[in-house]
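Contents: one structure, followed by commentary.
Readers should treat all values here as calculations from the given coordinates under stated rules, not as data from a laboratory. It should be emphasised that the depicted structure is a prediction, and the values quoted were computed from it without experimental measurement. Positions of Cβ are backbone-derived with ideal geometry, glycine not excepted, and every protein chain shown enters the neighbour counts.
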Amino acid sequence: MHPPVSTPKTLLRKTILPRWPLACRGLASVLIILGVRGGLHAQTSPVPLLPVKLADYSPALPAHFLLPAVVQQDNTPADNPITNAGATLGRVLFYDKRLSANQTVSCSSCHRQQSGFSDPRPFSIGLAGGLTDRNSMGLTNARWYQRRSFFWDERAATLEVQVLQPIQNSIEMGLSLPTLVSRLSGETFYADLFTAAFGSSTINSERISRALAQFVRSLASTRSKYDLGVGVNFSNFSPEENLGRRLFNGETGTATCAQCHGTDNFSSGPRINNNGLENPYRDKGVGAVSGRAQDEGLFKVPSLRNVALTAPYMHDGRFATLEAVVEFYNSGVVAHPNLSPPLRARPPAPGALRLNLTAAEKAALVAFMKTLTDTALAADERFADPFPTITFHDADLDRDGRIGLNELTRVVELFNTRYGHGPIRTGSYAVATEATEDGFVVDLGHSIDSTVTLSRYHAADSNRNGKIDLTELARVIEFYNYRSGVIRTGAYHANTGTEDGFEPGP
């Protein structure tokens, strides 16, 4: 059984709870999420939980980020600096599923905080179950990219241009910008957030773009083991990590890593590179955009910040581990006419470079790259989902550890709200492959018309005591999944015509 709901760590914004005493805001926030305000009515639109005092999204940078080599990589435009209010708005937009046509996916669906704001799958799943054609690049330290362009093929000239494209992509989020603006304009809390960020409640695509870009640029990794070591000559490193650092920087051995992943940001400078993955390239990268043979196989070089969290690797997610990446550069680079100079064999030898690293050297390189992991960023509440997670116990309104028949209505409405009225497959409790902690998974592979609506809940009350406990509720879900397969949990419906209240979909 789930424990009782705990009071949220953060307080609601004053615009959401303007008059309630401080001590009441924790409970009030739970009730708002449940839609309990002046009666037991479902909250059909999720509301973010945000601190009253804005978080700081532009803290002072460490000294090694103020060196010219890093400063010149900063792609922040003069007319869109990071502000606390702008990045806060961007955070809400980043996690809001309203930004997709069927309200089932958000930017964060493909850029997960715990995964270095990348996707642990080779290809991401879009709003209707389709797969993207490239791996979702990690967003950590996207602010520092000297070429300023975005996407693997650099087709977006700026981050402000890039952030709007997945929203409009038919596979990813599938929403037109006019519809997006109209949808957000219908939410009162967005009026407050836009006013705080831009001085008025006007919502338009340019402001959405600017806010999202501010939030993405605020994802700065500056607290890794590497960062702690800069000022102490890496005395905090193990011998293996220091060997890996020297190999990476070309101070010993044959590796050329730093020539493409330079500076303390570990990203490329003015060059874009072909890293010899294959010849010919199935995905031509920049060449597919320009149509020029000399651009085939050129791809953006991402920062290695948080690289231990961003597997799988490369634009197509072909390498599952850092060990596999190191071995590729050690022995697997393919000769290609556009191969970047650091990966070419040393004259007079032809073809691609072979590093001939020992097992210990390869392990040392992996160990060094793991020092770039910023666990603080991966858990930082400033960058976390502001929309509360809903679980079964959130429907236990009277906190008696049991769910009455009237409360079960809330379960259905809450999950319908959480997944934006999309198709939901109810599986056995928390065992599905993509299971959430509550046991529900979005089923994007079936038609939204495959619906089951819930009406008379008493059939689930196996002991006929008028209440449904959490054990019974789990069994209900298992039973209906067995009986009807894919179902959609909808709002209470009294006349479905079946004795148990579920109506099988077509």
* Computed on alpha carbon atoms, what radius of gyration and Dmax characterise the stretch 236-373, expressed in Å? -> 14.8, 48
* Work through the residues other than residue 206 whose Cβ is under 13 Å from its Cβ and net out their charges, Lys, Arg +1 and Asp, Glu -1. => 0
* Summed side-chain charge close to residue 333 - residues other than residue 333 whose Cβ falls under 14 Å, Lys, Arg +1, Asp, Glu -1 -> +2
* **Restricting the stretch 201-280 to trypsin sites (Lys or Arg not before Pro) in coil, as DSSP defines it, with at most 15 other Cβ within 10 Å** => 223, 271
* Which value, in debye to the nearest 20, gives the size of the charge dipole of the stretch 121-206 about its Cα centre, when Lys and Arg are +1 and Asp and Glu are -1 at the Cβ? -> 260
* Got a sec to turn the phi values of the stretch 248-264 into Karplus ³J(HN,Hα) couplings, 6.51 cos²θ - 1.76 cosθ + 1.60 with θ = phi - 60°, whole Hz, x for Gly and Pro? -> 4, 7, x, 6, 8, x, 10, 5, 10, 4, 5, 6, 10, 10, x, 6, 6
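Which links in 225/284; 53/97; 53/300 stretch past 29 Å when you go from one Cα to the other?
Details: 225/284 36 Å; 53/97 25 Å; 53/300 37 Å.
Too far apart for the 29 Å limit: 225/284; 53/300.
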* Taking amide H positions as placed 1.01 Å from N in the peptide plane, with prolines and chain starts having none, which residues 5 or more places from residue 298, or on another chain, fall under 5 Å of its amide H? -> 286, 287
* Structure fact -> So, over other residues within a Cβ distance under 12 Å of residue 255, counting Lys, Arg +1 and Asp, Glu -1, the net charge is +2
* Asked: Amide H to amide H, which residues 5 or more places from residue 345 or on other chains are under 5 Å from it, using H placed in the peptide plane?
  -> 351, 352, 353
* Asked: Taking amide H positions as placed 1.01 Å from N in the peptide plane, with prolines and chain starts having none, which residues 5 or more places from residue 156, or on another chain, fall under 5 Å of its amide H?
  -> 150
* To do: Place the peptides 132-138, 75-81 in order of packing, highest mean first, counting for every residue the other Cβ atoms within 10 Å and averaging per peptide.
  => 132-138, 75-81
